[in-house]
Each structure stands twice: as structure tokens, then as C-alpha cells.
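Asker: Quick one: this structure, given as C-alpha cells, is what I'll be asking you about.
The values are calculated or read from the model by the stated rules, or taken from the named source; none is laboratory data. Values in this document were obtained by computation on a predicted structure and should not be read as measured data. Positions of Cβ are generated from backbone atoms using ideal geometry, with glycine treated the same way; all protein chains shown enter the neighbour counts.
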Amino acid sequence: MNYNITLPDGSVRSVAAGSTPLDVATSISRGLAERALAARVDGTVVELTRPFSADARLELLTWDDTDGKSTFWHSSAHVLAEAIEAEYPGVKLTIGPPIENGFYYDIDFGGQVFSQADFARIEKKFLELARSGETFERRSVTKAEAIAFYAARNNEYKLELIEGLADGDITFYHSGNFVDLCRGPHLANSKVIKAVKIMNTAGAYWRGDEKRPMLTRVYAVSFPKQSDLDEHLKNLEEAKKRDHRRLGQELELFTFSEAVGKGLPLWLPKGTQMREDLERFLRELQRKAGYLPVITPHIGHRKLYETSGHWDKYGKDSFQPINTPEDEQFMLKPMNCPHHCEIYKSKPRSYRELPLRLAEFGTVYRYEQSGELHGLTRVRGFTVDDSHIFCRPDQVQSEFESVVDLVLYIIRMFGFKDFTAQESRRDPENKQKYIGSDEMWEQAEAAIAQAAKTKGLKTVVELGEAAFYGPKLDFIVRDALGRRWQLGTVQVDYNLPKRFNLEYIGSDNQPHTPVMIHRAPFGSMERFIAVLLEHTGGELPLWLAPLQARVLPISDRFNDYGREVVAALDAAGVRAELDERSEKVNRKIRDAELAKVPFMLVVGEKEQAMRGAALRRHGQGEGHGDLGTLSLDEAVATVRQRIAESLEV
Ligand SMILES: [Zn+2]
Ligand SMILES: [Zn+2]
């Protein structure tokens, strides 16, 4: 008997019963068979060695697929546990999942000490086991068998896990002498794991419950090549230097205060300067693109969010409602959309007025667990560069195109050379999960696809990633360290206009429901600034640098003249300050370089006499930043010109 296996390119291979994905990979090419880590069969990730049981669609997953990587890391967690068990007899294993950058295993060491000093020994043991070429063998066990196995090992954690599993649905995986309760899938063989690094350990409560025992979470990462691990570690070092939380402090951009509250950033003068420049930049782009500015309050009536559906989504876990003595309930605004819908409704609308593009830098608040908060990327209050475009169905595509133009302009402007656009569509096999007619969905998805095509975007299509109320286009940039960040998003929405009974009078004199497009090219001001800091390492575009020039007198005698130079820069719109410390000028230059101040103007005897300054550009390396001694007018003009150039794409 034969099965028909359909490959992603549409070609079909007929294979004998008992054949596996690995057999198919081998029949395609030896290289592919070596690179393949797991297989996706009819949408489910399985081992390469699992025989086909019917005709199927097959994708072979490599290191470049998220699921391939996860399988690699999860299998590595087994090997790590095996290594630790070998060195620490009697430890109790619990769970070991893959995570975004590696994997962990939560282990009860039962009083045995496991610390940094032991990492190298365990890594050595890990590689020894991996190299021995262990295969991961799947075995179905009965619930009774599984319970007996772990009861004999006094492992109450696994017993608790087994309790929650249905009999007939339990599998053990054997690799070498190691056995673990696991659903799989795994690699075919451990020998593809060539490099490992235990990163750190942390305390973790069993099942995240602080009343349960504290386990040791061992974080590690593994790779198919040693050079991949080396590069990963190098990038981590670099990422530390570029951490926006660190740069935010060094450059005095923002701070957090426990007294104000967790996850609520406080913008310092320099950071505020930067934010205002960013806002001004986008406001101007939006003005040219026909957006109209609006301002709405930070709170809204609970009923407003019941109408919008946000009460259901954010109400329970959100901040508690604010009660007034008049029996009203208000919520901190989690989204700006409902407010903008009410602005739309402020007067009757005609088809001639559409599209109506309302834009606001709208601050919203959402509850996040304190443990989830992270610098500016995960906060409890943030400002969205929000806009809602209300348009007719026949305008969706052209509106989408102009939003794409705006997003692309911004991505290029800020030096992101590499990005992907993801078309998030509904799951065609699960249509009941979404609202709106088939016709509307098809029209909207086609409009997005066509807009992307017209703009020459290379997109990936993700089925089932749409919101329940409409498809969207997400922009994901890669930063200088190759990390991916989701920035702008553009979303078509048929739901809110209905919920809010929005209408316009069409050319047929009949009422119609407009379509709503939500879009935020930055995502949020906080997130965008974080990404920009990490991408640039704090070397911000000149026009955005909170401090653009520092005047460095070579001794106190020239401080007065230095003040005049600062005044001249200031009058020309250049943000400048004077370094009037009694330090040697070399020290002042070094400090200005460290603070990433783009321009330095050194003044001494000669410069004062000629009413000029020695101009230096930051970051050009020893002896390369010198732009010469110029008259004050020339120096100011040079700085201004460079700033203007930095605004060109
Ligand atoms: Zn497993
Ligand atoms: Zn919105």
C-alpha cells in the first residue's frame, strides 16, 4: 500500500506504508535530510521518524523554522535533564519546555547545590550524551504504568502531571538511559546538537504558585553549530550594551519610580524632547496625508467600553473602574478607538466626507502583571500614534496603500534595512470564529494583498492570525543585531462601526456602514523609542538627538566665550550645552564621546580671537572627527546642514 505525500511546492510523492518524513527528506536530498529537525504532517509537528498513516501534506522543518528550532531546543531539554540526573542522582524533574531563546528545565534538586560553578561540568556531560547519538523513542504507556514509574521515583510533580492526563493519551520518551514523560515531538537523534550553554538559574514555583515548592529553573541554549553559539553569545553581549533601559538611564531619557508605580515611565527633559520631535515628525507626515488631529480624554464611561467590547476583553483583568459619587463608572482608556467612533458620530456623515482620518497621540492604560513589565516595551501606560480611518468599502485598498506608504517611509527613515510584512488572514477552516460576511472578508483580504502587491512588498501570509473582526498587515523589522520587533500595524475592522451604529449617507441616499482602519506606524511612542535605542545603540539620528552639540572651552578663561557659542547654536535651533567643568579638554572630549553628543565645539585662545570654534563630529574614531577650525557662522551652518540632511530618507 502506498500513501500520497504532498510537499509545499505542490508536488506529490508516493511512498510505501511504513515510510517516514525522514525517508522523504532523504529521497529529496541528503543535505535536506541532514538539515531537517522535525516534520509538519497535516499541520501537526511530529518526529521525522514517525511513519505516515495516511495520505498527508508534509513540510520538513529546519533550524530556520520556529517549530524546527523549538523541537531542537525541547529535545535539548531532555539531554540537559539527563546530564543533570547523571551528575545529581535523586533530583526530581518536572517540566522542560522550549522558549524564545533556548529552553529551560524546572528541577527539584532536593537540597543538592547547583550553581554557576557546576555549569561547565554539566555542559561537558551534555555534549558527551548528545554526541553519543541518542535516539528519541516514543512509547505509549497506560496511566497505571506511568504512575508506577514515577511513584517508584518519589516524583510527586510528574505524578501530579499524569493525574491531569487521560489514559491512552500518555507517552514516554526514551533517549539513551533516560526516560521522560512527554508528549513530544523530538529530534530523530541527539547528535545534531553540537553546542550548548547553560545561561543561568532562577527560582520558579511549581506551577507558578507561590504556595507550592520552589524549584530551580535551569536556563540553557543549544545550537547545531559551535559558531552559532559563539555568535549568539556575542550578540547577547552587544544587546546588553544596547539595552534601552540602560541607554535610557545613560542618556537621561526616562526613568521609573516605584512611588509613581510600576510600568509607568517618567519622561525626563531629554527624552521628552525626543518624543516631541518624533511626534512633530509624524504629525507633519500625517498632515500632508490628510489626517485630522483630535484629542480625547484618558478615561471613558464603562458603557462606552461595553459597547465596543473592550470591557469584556480588558475589564476583568484591567484596572478597577473609577466610581463617582453620582454612581457613574469610568475606566482608564485601554484603546482610543471607541472615543474616535464617538467623534465620527458627532454629526451626520455623507459619502463625500469619506475617508475621514482621525489621528491622536492617545495615551492608554492596560493592566500587566508586574512580573511581565519590561522597560518601555511592556508598560502599563503608553501613548499610541493612533489613527482611525473611516472609509467606504471601495476606498479600503487605496487607504491601505497610503498607510503602507507612510509605514515604509518611517521604516526607511529610521534606518531599518530589513523588514517583513505579514498578511494576517482568517482561518478558512474556522470561519465561525470571525464576524462579518464572506464577501467582506474576501474583499478586505484581497484589498490588503493588492495594496501590498502594488507597493512591491514581499509578504508572508499567516492564516488564522487575523483579529476576529478583520484582517491586518503587520510590519516586523529586524534590528542591527538581527532581532525582530513588531512595529507598525494596519488593521481592517468591520465590527466596531456596527457596534457603534456608525453610518454615512451614500450616493444612493441610503445609510451605509463605513469600514474602519486602525493604524499605528510606530506602534506606541514607548515601544518605538525602545526599539530605536536598541537598533542604534543610542546613536540616534542627528535630528532626534536630545543634545546635538556641546561646547568645550579648553579652560575656564573661555567659558564666557563658550556661552556665546551656545547662544549662537541655540538661536539657530541647535540643542546645545556648555561643559564648564574645570577639566582638561581631552577629558571633556572623551565624556562627550561617551555621552554620544553628535557635535563638539572646542574653544580656546585662537578660536576666541577669530570668533570661531574647532568642530568635531562624534563617533568617527581617533583623529577622524575633526572638521577643522571654522568661523562661528560656518560652524553653526555646518551643524544645521548636517541635522537637515539627517531628516532626508
Ligand atoms: Zn520531550
Ligand atoms: Zn483602534
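Asker: Residues of segment 55-77 being in a helix (DSSP H, G or I) and hydrophobic (A, V, I, L, M, F, W, C), which ones? It would help to see each step written out before you state the result.
Answerer: We begin by selecting, within segment 55-77, every residue in a helix (DSSP H, G or I); these are 66-77.
Scanning segment 55-77 gives F72, W73, A77.
Asker: Select from segment 59-77 the residues that are away from ligand 1 (no atom under 16 Å from the Cβ) and surrounded by fewer than 21 Cβ atoms within 10 Å (Cβ to Cβ) and list them in ascending order.
Answerer: If the condition is that a residue be away from ligand 1 (no atom under 16 Å from the Cβ) and surrounded by fewer than 21 Cβ atoms within 10 Å (Cβ to Cβ), then E59, T62, W63, D64, D65, T66 are the ones that fit.
Asker: Given the conditions (1) over 34 Å from the mean Cα position of the chain (by Cα); (2) under 30 Å from I122 (Cβ atoms), which single one is not true for Y3?
Answerer: Result: Y3 passes all but (2).
Asker: Right, another one. On the basis of being surrounded by fewer than 17 Cβ atoms within 10 Å (Cβ to Cβ) and modelled with pLDDT under 95, does E210 make the cut?
Answerer: Taking the combined requirement at face value, the residue satisfies it.
Asker: Which one of L487, L533, L481 is within 24 Å of L285 (Cβ to Cβ), modelled with pLDDT under 90 and more than 16 Å from ligand 1 (Cβ to nearest atom)?
Answerer: Checking each option against the conditions leaves just L487.
Asker: Could you give me the residue pairs with C-beta distances under 7 Å whose first residue belongs to segment 371-388 and is of a type in the set (A, V, I, L, M), whose second residue is part of a helix (DSSP H, G or I) and more than 16 Å from ligand 1 (Cβ to nearest atom) wherever it lies, and which are 6+ apart or on separate chains?
Answerer: That search, which allows pairs on different chains as well, returns L376/H244; L376/E526; L376/R527; L376/I529; L376/A530; V379/E526.
Asker: If you go through segment 414-435 one residue at a time, do you hit one that is crowded, with 16+ Cβ neighbours inside 10 Å, over 23 Å from the mean Cα position of the chain (by Cα), modelled with pLDDT of 90 or more and of a type in the set (G, A, S)?
Answerer: Within segment 414-435, none of the residues are crowded, with 16+ Cβ neighbours inside 10 Å, over 23 Å from the mean Cα position of the chain (by Cα), modelled with pLDDT of 90 or more and of a type in the set (G, A, S).
Asker: I want to confirm something. Restricting to segment 398-444 and keeping residues that are polar (S, T, N, Q) and in a strand (DSSP E or B), which single residue is farthest from Q491 (Cα to Cα)? Talk me through it step by step, then tell me what you get.
Answerer: Pass one, segment 398-444, residues polar (S, T, N, Q): 398, 402, 420, 422, 424, 430, 432, 437, 443.
Applying the additional criterion that residues be in a strand (DSSP E or B) yields 420, 422, 424.
Details: T420: 16, Q422: 12, S424: 9 Å.
By that ranking, first place goes to T420.
Asker: Within segment 27-39, which residues are at pLDDT 95 or above and either out of contact with any helix residue (DSSP H, G or I) (no Cβ under 6 Å at 6 or more places or on another chain) or not in a loop (DSSP other than H, G, I, E, B) (or both)?
Answerer: A38, A39
Asker: Here's something else I'd like to know. In segment 244-284, how many residues are among the small types (G, A, S), touching a residue at least 40 places away in the same chain (Cβ under 8 Å) and farther than 20 Å from E534 by Cβ? Before you say what the answer is, go through the steps one by one.
Answerer: Our first condition is that a residue be among the small types (G, A, S); within segment 244-284, this holds for 248, 257, 259, 261, 263, 271.
In the following step, the residues that additionally are touching a residue at least 40 places away in the same chain (Cβ under 8 Å) were identified as 248, 261, 263, 271.
Still in the list and also farther than 20 Å from E534 by Cβ: 261.
Going through segment 244-284 one residue at a time, the tally reaches 1.
Asker: Please specify each residue of segment 466-485 satisfying the condition of being out of contact with any helix residue (DSSP H, G or I) (no Cβ under 7 Å at 6 or more places or on another chain), crowded, with 20+ Cβ neighbours inside 10 Å and not in a loop (DSSP other than H, G, I, E, B).
Answerer: Within segment 466-485, K472, D474 meet the criteria.
Asker: If you don't mind, there's one more thing I want to ask. List every residue pair whose Cβ atoms sit under 8 Å apart, with the two residues 6 or more apart in sequence or on different chains, where the first one lies in segment 525-554 and is on the phi > 0 side of the Ramachandran plot and the second, anywhere, is assigned to a loop (DSSP other than H, G, I, E, B).
Answerer: Every condition considered, the pairs that remain are G537/A480; G538/L251; G538/K596.
Asker: May I pose another question? Do we have G90 as of a type in the set (G, A, S), surrounded by fewer than 17 Cβ atoms within 10 Å (Cβ to Cβ) and either more than 16 Å from ligand 2 (Cβ to nearest atom) or under 20 Å from Q116 (Cβ atoms) (or both) here?
Answerer: Yes: the conditions hold for G90.
Asker: Still on this structure, please answer the following. Write out, first by first residue and then by second, each pair whose Cβ atoms fall under 8 Å of each other, whose residues are 6+ apart or on separate chains, and whose first residue, in segment 423-444, is at positive phi while the second is surrounded by 14 or more Cβ atoms within 10 Å (Cβ to Cβ).
Answerer: Partner pairs satisfying both residue conditions: G436/Y469; G436/G470; G436/Y494; G436/N495.
Asker: Let me ask something else. What are the residues in segment 494-522 that are out of contact with any helix residue (DSSP H, G or I) (no Cβ under 8 Å at 6 or more places or on another chain) and either outside any loop (DSSP other than H, G, I, E, B) or surrounded by 18 or more Cβ atoms within 10 Å (Cβ to Cβ) (or both), if any? It would help to see each step written out before you state the result.
Answerer: So in segment 494-522, the residues out of contact with any helix residue (DSSP H, G or I) (no Cβ under 8 Å at 6 or more places or on another chain) come out as 495, 498, 501, 503, 508-511, 520.
N495, K498, P511, A520, listed by residue number.
Asker: Looking only at segment 235-254, decide whether some residue is in a loop (DSSP other than H, G, I, E, B), crowded, with 18+ Cβ neighbours inside 10 Å and not hydroxyl-bearing (S, T, Y).
Answerer: yes
Asker: Suppose we keep only residues that are touching a residue at least 40 places away in the same chain (Cβ under 8 Å) and surrounded by fewer than 18 Cβ atoms within 10 Å (Cβ to Cβ) within segment 100-115. Which one would you say is nearest to K191 (Cα to Cα)?
Answerer: If we take residues in segment 100-115 being touching a residue at least 40 places away in the same chain (Cβ under 8 Å) and surrounded by fewer than 18 Cβ atoms within 10 Å (Cβ to Cβ), then N101 is nearest to K191 (Cα to Cα).
Asker: Based on what the data block shows, is R392 out of contact with any Pro (no Cβ under 7 Å at 6 or more places or on another chain) and either surrounded by fewer than 19 Cβ atoms within 10 Å (Cβ to Cβ) or at pLDDT 95 or above (or both)?
Answerer: no
Asker: Which pairs do you get when a residue that is away from ligand 2 (no atom under 16 Å from the Cβ), found in segment 181-192, comes within reach of a residue that is assigned to a helix (DSSP H, G or I), reach meaning Cβ atoms under 6 angstrom, with the pair 6+ apart or on two chains?
Answerer: That search, which allows pairs on different chains as well, returns L181/K158; P185/T71; H186/S75; L187/S75; S190/V79; S190/A130.
Asker: Every residue in segment 445-465 that is assigned to a strand (DSSP E or B) and touching a residue at least 40 places away in the same chain (Cβ under 8 Å), please.
Answerer: V460, E462
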